[in-house]
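**Student:** Submitted below is the structure of interest, expressed as structure tokens.
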Amino acid sequence: MHPSDPSAGHADRSASGAGGPRAADGSPSQGVGKGKLTYGSYLKVPELLSLQVEASSPVHHDELLFIISHQVYELWFKQMLHELHAVCGWLDRDNPSRAAQLLQRVHAIQHLLIEQIPVLETMFSVEFAQFRDHLRPASGFQSVQFRLVEFLCGRKNARMIALVGDDQSAQSIMQRYLDMPAVYDHFMRMLSRLGVAVPRDLLERNVREAYEGDERMVRLLVSVYARRDQGYELFRLCENLVELDERVSLWRFHHVKMVERMIGGMTGTGGSSGAKYLQSTVASRLFPDLWSVRDHLGTAVLG
Ligand code: HEM
């Protein structure tokens, strides 16, 4: 309805959608009927908003920001797991394009996870110090979903299961993820089905252990890169995996910088050496072969 329309101001029943009467500005002129699905009931907003419970007493102003930041991460970790399982499913169905498309979604989520850090960094370290002691011995170390993402991406470490605390159901889901093939195992198996000569011992490796990389795989992947115009989908997928790996490191880097800014060289609430430990994880690689490929991409190989 144009603002100069003579009928402006009268309810408009012509539009589709919910189908009810509308006010002049296009908004519905009456609420939905009793018992109908609403934004709040569908998304469980009241329940969601009741989940931020501060530990400090008296409550510190910044603790709400601290809680919400972490909760938002956990929601995105849930979505990442959902997408990474689907990526594995597409790889099992020999469909590198669909796997790549979902990896791009994961990259976009990772972008948010990195960009969210400055929001928490608006908290001064002196303010954090006012309520940090209330958080002990809880720690990001115990983020089960973070470990599940790591395990699914191939960073397997059975020792992490004990660190989540005395929570049997968390430990059993972590054990399940430790036992499952990681994204890169699905990737190698797909390559093998597509005719790439992946060595049998790699296809049958112990998936409970982190994959450390293998020179034979690197040589095979060099030819995927060299023949990218004949097999662009596979090449593209490799680059999407590299991007996932790079963004994990970028998050680690930004997280450790935030930690240095907040607590300097103090030990973590979870008992680690703090920033020193976190720094040691920044350079770790999920898909070592795909990084090693780059050592061989000179013109002698690619022509
Ligand atoms: C004031 C902000 C933060 C500080 C000072 C901080 C501090 C730390 C420290 C010291 C550790 C080492 C483990 C320990 O001993 O506790 C750690 C680990 C961790 N933190 Fe944070 N953190 C902060 C915010 C966040 C946020 C927003 C997340 C989002 C989920 C997060 C997730 C994690 C994870 C997943 C680990 C385990 C990393 C690994 O083992 O590789 N942290 N954090």
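**Student:** Which is within 26 Å of L113 (Cβ to Cβ), surrounded by 13 or more Cβ atoms within 10 Å (Cβ to Cβ) and either in contact with a Leu (Cβ under 7 Å, 6 or more places away or on another chain) or at pLDDT 95 or above (or both), of L43, L64?
**Tutor:** L64
**Student:** Another question, if that's okay. Just give me the residues in segment 265-281 being assigned to a helix (DSSP H, G or I) and either near the ligand (Cβ under 7 Å from one of its atoms) or surrounded by fewer than 16 Cβ atoms within 10 Å (Cβ to Cβ) (or both), in sequence order.
**Tutor:** A275, K276, Y277, L278, S280, T281
**Student:** Looking at Y177, Y211, Y225, which one is within 27 Å of H111 (Cα to Cα), assigned to a loop (DSSP other than H, G, I, E, B) and either touching a strand residue (DSSP E or B) at 6+ places or on another chain (Cβ under 9 Å) or of a type in the set (F, W, Y) (or both)?
**Tutor:** Y211
**Student:** Name the single residue that is surrounded by the most Cβ atoms within 10 Å (Cβ to Cβ) among those in segment 109-135 being charged (D, E, K, R) and more than 9 Å from the ligand (Cβ to nearest atom).
**Tutor:** So the residue we want is E127.
For every residue, the table says whether it meets (1) farther than 22 Å from D295 by Cβ; (2) at pLDDT 95 or above.
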position	(1), (2)
M180	yes, yes
V218	no, yes
A226	no, no
G231	no, no
L244	no, yes
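**Student:** What's the number of the only condition in (1) away from the ligand (no atom under 16 Å from the Cβ); (2) outside any helix (DSSP H, G or I); (3) free of Cβ contacts under 8 Å to residues at least 12 places away in the same chain that E239 fails to meet?
**Tutor:** Among (1) away from the ligand (no atom under 16 Å from the Cβ); (2) outside any helix (DSSP H, G or I); (3) free of Cβ contacts under 8 Å to residues at least 12 places away in the same chain, the lone unmet condition for E239 is (2).
**Student:** Give me the residue from segment 159-174 that is in a loop (DSSP other than H, G, I, E, B) and within 14 Å of the ligand (Cβ to nearest atom) and, out of that set, farthest from V248 (Cα to Cα).
**Tutor:** Among residues in segment 159-174 that are in a loop (DSSP other than H, G, I, E, B) and within 14 Å of the ligand (Cβ to nearest atom), the one farthest from V248 (Cα to Cα) is G165.
**Student:** Still on this structure: Does R261 satisfy the criteria of being more than 9 Å from the ligand (Cβ to nearest atom) and not small (G, A, S)?
**Tutor:** Spelling it out, it is not the case that R261 is more than 9 Å from the ligand (Cβ to nearest atom) and not small (G, A, S).
The values are calculated or read from the model by the stated rules, or taken from the named source; none is laboratory data. This one's a predicted model, so the numbers in the text were calculated from it and none came from an experiment. Using ideal geometry, Cβ is built from the backbone for each residue, glycine included, and neighbour counts are taken over all protein chains shown.
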